[in-house]
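Everything below concerns the one structure shown next.
The values are calculated or read from the model by the stated rules, or taken from the named source; none is laboratory data. This one's a predicted model, so the numbers in the text were calculated from it and none came from an experiment. Using ideal geometry, Cβ is built from the backbone for each residue, glycine included, and neighbour counts are taken over all protein chains shown.
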């Protein structure tokens, strides 16, 4: 099994975001990890499911599944690989990309927030996405309802590029109402995923997906978020790898702005009120 095939098998066999498997690959390389699994080197109880899959998955079958989804599989050796992913403690073993994979090599901003935004939040997310798209930035978000969708649509309206980082496979219609949006994203941008095309979303995958959004992007902007939310997790993930984080202030009475105010109050995010402010703030980081 060559390096690419070994990476693909690991990708399909192991849940994303595992520090253990990331450490094993960094220390021994993907091919040796597969060989160790086949020699039953790993704890048969703790890693039973992953090891069993490493020993039985067929690379050619996996490749056909990806090609059947009109997608490609890229790894850190690929020139299209987003280099920011290498800053993660547990970088992905690969990515499945559908659409314009070249978009992954462009300057990008993550825009994230609540799935239940106010009209204010939707408008601001769209305006910031359009403003950055006009400056040739790619907009990254998670493809969810709410702020994510507003950011993706804002970029598209400005005839810009946007990428959705999914918590499920690219063939899974989730959320169901975004089939048309995803098709539009693929025309100039892309859908990317850390799981095989038909894998369903589970709660844990949204959290591990968030680290990808943070790492691919040069900076993260939180538009509206509850006091405890996945968007704050994305902001923390960004800060951990020294990416600048920004937050939009909202009414002090709005629950959907409590998370942004928390980030600003803890000095975990810079307050920004315009696209110009945001661009200037990001430019101070090398």
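For the stretch 194-209, the candidate set comprises residues that are part of a loop (DSSP other than H, G, I, E, B) and either without any contact (Cβ under 8 Å) to a residue 40 or more places away in the chain or not assigned by TED's automatic domain parsing to the domain that holds residue 272 (or both); within that set, the residue that is nearest to residue 141 (Cα to Cα) is 201.
Residues are listed down the side, and each one gets a yes or a no for (1) in a helix (DSSP H, G or I); (2) over 28 Å from residue 9 (Cα atoms); (3) in contact with a strand residue (DSSP E or B) (Cβ under 6 Å, 6 or more places away or on another chain):
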site: 130; (1), (2), (3): yes, yes, no
site: 155; (1), (2), (3): yes, yes, yes
site: 165; (1), (2), (3): no, no, yes
site: 181; (1), (2), (3): yes, yes, no
site: 211; (1), (2), (3): yes, no, no
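Scan the stretch 132-142 residue by residue and report those that are within 15 Å of residue 187 (Cβ to Cβ) and either at pLDDT below 95 or not in a helix (DSSP H, G or I) (or both).
Pass one, the stretch 132-142, residues within 15 Å of residue 187 (Cβ to Cβ): 133, 138-139.
Answer for the stretch 132-142, where residues must be within 15 Å of residue 187 (Cβ to Cβ) and either at pLDDT below 95 or not in a helix (DSSP H, G or I) (or both): 138, 139.
If you go through the stretch 243-256 and keep only what is within 24 Å of the chain's Cα centre (by Cα) and farther than 13 Å from residue 221 by Cα, you end up with just 256. The single condition among (1) loosely packed, with under 15 Cβ neighbours inside 10 Å; (2) out of contact with any helix residue (DSSP H, G or I) (no Cβ under 8 Å at 6 or more places or on another chain); (3) in contact (Cβ under 8 Å) with a residue 12 or more places away in the chain that residue 77 does not meet is (2).
In the stretch 35-54, what residues are surrounded by 11 or more Cβ atoms within 10 Å (Cβ to Cβ) and farther than 17 Å from residue 196 by Cβ?
From the stretch 35-54, those surrounded by 11 or more Cβ atoms within 10 Å (Cβ to Cβ) are 35-38, 41-42, 47-54; that's our starting set.
Those that are surrounded by 11 or more Cβ atoms within 10 Å (Cβ to Cβ) and farther than 17 Å from residue 196 by Cβ: 35, 36, 37, 38, 41, 42, 47, 48, 51.
Residue count for the stretch 232-275, restricted to those that are part of a helix (DSSP H, G or I), surrounded by fewer than 13 Cβ atoms within 10 Å (Cβ to Cβ) and either touching a residue at least 24 places away in the same chain (Cβ under 8 Å) or in contact with a strand residue (DSSP E or B) (Cβ under 7 Å, 6 or more places away or on another chain) (or both): 0. With the structure loaded, tell me whether residue 125 is surrounded by 16 or more Cβ atoms within 10 Å (Cβ to Cβ), assigned to a helix (DSSP H, G or I) and in the same structural domain as residue 148 (by TED's automatic domain parsing) or whether it fails that test. Spelling it out, residue 125 is indeed surrounded by 16 or more Cβ atoms within 10 Å (Cβ to Cβ), assigned to a helix (DSSP H, G or I) and in the same structural domain as residue 148 (by TED's automatic domain parsing). Apart from one condition, residue 221 fits all of (1) under 23 Å from the mean Cα position of the chain (by Cα); (2) within 22 Å of residue 119 (Cα to Cα); (3) at pLDDT below 95; the exception is (3). Limited to the stretch 217-231, what total is found for residues that are surrounded by fewer than 24 Cβ atoms within 10 Å (Cβ to Cβ) and in a helix (DSSP H, G or I)? Within the stretch 217-231, residues that are surrounded by fewer than 24 Cβ atoms within 10 Å (Cβ to Cβ) and in a helix (DSSP H, G or I) number 1. If we scan the stretch 3-19, do we find a residue that is free of Cβ contacts under 8 Å to residues at least 60 places away in the same chain, surrounded by fewer than 17 Cβ atoms within 10 Å (Cβ to Cβ) and either in contact with a helix residue (DSSP H, G or I) (Cβ under 7 Å, 6 or more places away or on another chain) or not assigned by TED's automatic domain parsing to the domain that holds residue 198 (or both)? Scanning the stretch 3-19 turns up no residue that is free of Cβ contacts under 8 Å to residues at least 60 places away in the same chain, surrounded by fewer than 17 Cβ atoms within 10 Å (Cβ to Cβ) and either in contact with a helix residue (DSSP H, G or I) (Cβ under 7 Å, 6 or more places away or on another chain) or not assigned by TED's automatic domain parsing to the domain that holds residue 198 (or both).
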